[in-house]
Amino acid sequence: MTGGIDEALALNRDISELGARFNIGIAVGSQTIALENKQLAESFKVVRKVNRNGLILANVAANTNPRMALRATEMIEADGLQLHLNVPQELAMREGDRKFKGLMDNIAEIVHLSPVPVIAKEVGFGMSRETAKQLFDIGVHILDMGGRGGTNFIAIEQARSGVLADEFASWGIPTAASIAEIVSLDLPIVVVASGGIRSGLEAAKALALGADIIGIAGRFLRVWSDQGRKGLEEEINRLSYHLRASMLMTGSKTVAELRRKPLVISGPTAHWLAARGIEVSKWARR
Ligand SMILES: Cc1cc2nc3c(=O)[nH]c(=O)nc-3n(C[C@H](O)[C@H](O)[C@H](O)COP(=O)(O)O)c2cc1C
């Protein structure tokens, strides 16, 4: 989630220890600052130090120089490399990036060079199926669609003197719609669902829609900062209990079974999918 600042060392250590304990993968925040200033690398390296065998993902911006991106992976001996796409956030930031030309070619080059799988990742604005297809075609087969509904970086940047208008705070594809868009492509894409997942029931819904993996950032950060490591441990236990309860109540022994249960999509998500020509009865009548 984060790194570089003093608090990040404690956060990353705690999260990584809990990751090892619960067998949950951990993704660090953007490592660019530590690539530029080696003294800051410790707050990232701690993640691998306390969790020798767990799943750990490196993270840089998608426009990072490919050689630098590989160094981020090496820094924490990561199992995968996340490339974040955050154009709306950059545009909201006064000092944000404005150069996005050649982004797809850069991602393709990183995929070509990377010894570990590459994951393309949004940060809360969602991914359309067209974007997903474009990324798939250049060799990115794991997508974290990071949809709208949770942490909102336009709102955050606006509050810090951003340069977009406040009306952009509702920008983005909601998480549920984005998962359904990507799943409807019917391609061998590993879908990571994130963006506003705060509970075991929400995780169950995302899995039932077709996600393979769930990602949680804001909720865990808030619990950790309010209640510390112990509170986060309880939160993970609670979330896990609620996810398993949802599975039991739908008669699903495995996630694969949950994904075959009928799922009725209604309200704004159904409208969204209908407008996009995606048949919701596919989920309801399976
Ligand atoms: C404090 C904070 C820092 C973040 N830093 C990064 C980052 O450096 N790189 C990245 O890819 N995503 C970053 N994210 C985005 C999250 O990984 C995630 O995509 C987003 O917060 C949506 O999930 P959520 O609603 O569960 O928070 C950050 C999120 C938070 C809350």
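We did not get these values from a lab; they are worked out from the coordinates using the rules stated. Treat the numbers as computed from the prediction; the structure is a model and nothing was measured. Positions of Cβ are generated from backbone atoms using ideal geometry, with glycine treated the same way; all protein chains shown enter the neighbour counts.
Among S170, S184, S16, the ranking by other beta carbons within 10 Å of each residue's beta carbon, starting with the fewest, stands as S170, S184, S16. Mean projected area of the convex hull spanned by the Cα atoms of the stretch 152-206, taken over all viewing directions: 4.9 nm². Anisotropy class assigned to the stretch 218-264 is prolate, per the alpha carbon gyration tensor with a/c at or over the 1.5 cut-off and a/b larger than b/c.
Just check the stretch 128-234 against the gyration tensor rule for me: Cα atoms, a ≥ b ≥ c as the square roots of the eigenvalues, rounded for a/c under 1.5, and otherwise prolate or oblate depending on whether a/b exceeds b/c.
Numbers: a/c = 2.25, a/b = 1.22, b/c = 1.84.
The shape class here is oblate.
Directionally averaged projected area (the chain, Cα convex hull): 14.8 nm². Specify whether the C-alpha gyration tensor of the stretch 95-158 places it in the rounded, prolate or oblate class, a ≥ b ≥ c being the square roots of the eigenvalues: rounded for a/c under 1.5, otherwise prolate if a/b is larger than b/c and oblate if not. Judged from the Cα gyration tensor, the stretch 95-158 comes out prolate (a/c at least 1.5, a/b above b/c).
The convex hull around the C-alpha trace of the stretch 1-122, projected and averaged over every direction, spans 7.4 square nanometres. By the Stokes-Einstein formula, at 1.306 mPa s and 10 °C, the stretch 128-182 with its Kirkwood radius over alpha-carbon pairs has D equal to 127 µm²/s. The order of S114, S194, S266, going from fewest to most other C-beta atoms within 10 Å of their C-beta, is S266, S114, S194. Given the C-alpha centroids of the stretch 118-135 and the stretch 219-269, what is the distance between them in whole angstrom? If you average the Cα positions of each part, the centres end up 23 Å apart.
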